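Since the structure comes first, as structure tokens, the remarks are kept for the end.
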Amino acid sequence: MTTFVLATNSVHTSALLCDYLDDRLQAGDTVYAVNSQRGGDDTSAAEVRDGEDALNAVTARLSGVADVETHQFVRENSPAEDVVGYAEEVDADELVIGVRKRNPTSKVVFGSVAQDILLTANRPMVVVPQEDV
């Protein structure tokens, strides 16, 4: 029995992460899908709704194979803090994230949640590349 934590922020990312897990999941595995929003003035209703849609996509795709739980955090933490903290809380065997190719300027200006997760997580990780949409 393997415990996976998926970090998702869109239906597209959820689909890619589920594609990765399709061949890996077995009966008895658990998938925790996590979406994190900063909250307050930094988060719009549309972003919360998009996060819920992303989590629902994971449930729809994987609940027939594994136990799936979804969690949307809106508590003023950075998304990386929420994802890494939750992976530790559930003692995840594997953390699954998606990454986009970004130019150096956008990395400096906007930061990178994936990069923060990669640098702070102490769990085995899979990084699924995604094309810009």
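The values are calculated or read from the model by the stated rules, or taken from the named source; none is laboratory data. Given the structure is predicted, the values throughout are model-derived calculations rather than measurements. Cβ atoms come from the backbone with ideal geometry, glycine included; neighbour counts cover every protein chain shown. Accessible surface areas use protein heavy atoms only, side chains included; no ligands, DNA or RNA. Shrake-Rupley method; radii C 1.70, N 1.55, O 1.52, S 1.80 Å.
For this structure, a couple of remarks:
- Residue in segment 52-62 that is at pLDDT 85 or above and over 19 Å from Cys18 (Cα atoms) present: no
- Qualifying residue in segment 28-44 (condition: open to solvent by 20 Å² or more (accessible area, probe 1.4 Å), aliphatic (A, V, I, L, M) and either in contact with a Ser or Thr (Cβ under 7 Å, 6 or more places away or on another chain) or in a loop (DSSP other than H, G, I, E, B) (or both)): no
- Whenever a residue of segment 20-36 is on the phi > 0 side of the Ramachandran plot and at pLDDT below 95, its partners that are surrounded by fewer than 17 Cβ atoms within 10 Å (Cβ to Cβ) and part of a loop (DSSP other than H, G, I, E, B), lying with C-beta atoms within less than 9 angstrom and at least six residues away or across chains, give the pairs Gly28/Met1; Gly28/Thr2.
- Residue-level check: of (1) assigned to a strand (DSSP E or B); (2) touching a Phe, Trp or Tyr at 6+ places or on another chain (Cβ under 6 Å); (3) closer than 24 Å to Pro129 by Cβ, Glu69 misses just (3).
Residue-wise test of (1) part of a helix (DSSP H, G or I); (2) within 18 Å of Met125 (Cβ to Cβ); (3) open to solvent by less than 20 Å² (accessible area, probe 1.4 Å); (4) hydrophobic (A, V, I, L, M, F, W, C).
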residue	(1), (2), (3), (4)
Cys18	yes, yes, yes, yes
Asn77	no, no, no, no
Glu81	yes, yes, no, no
Ala87	yes, yes, yes, yes
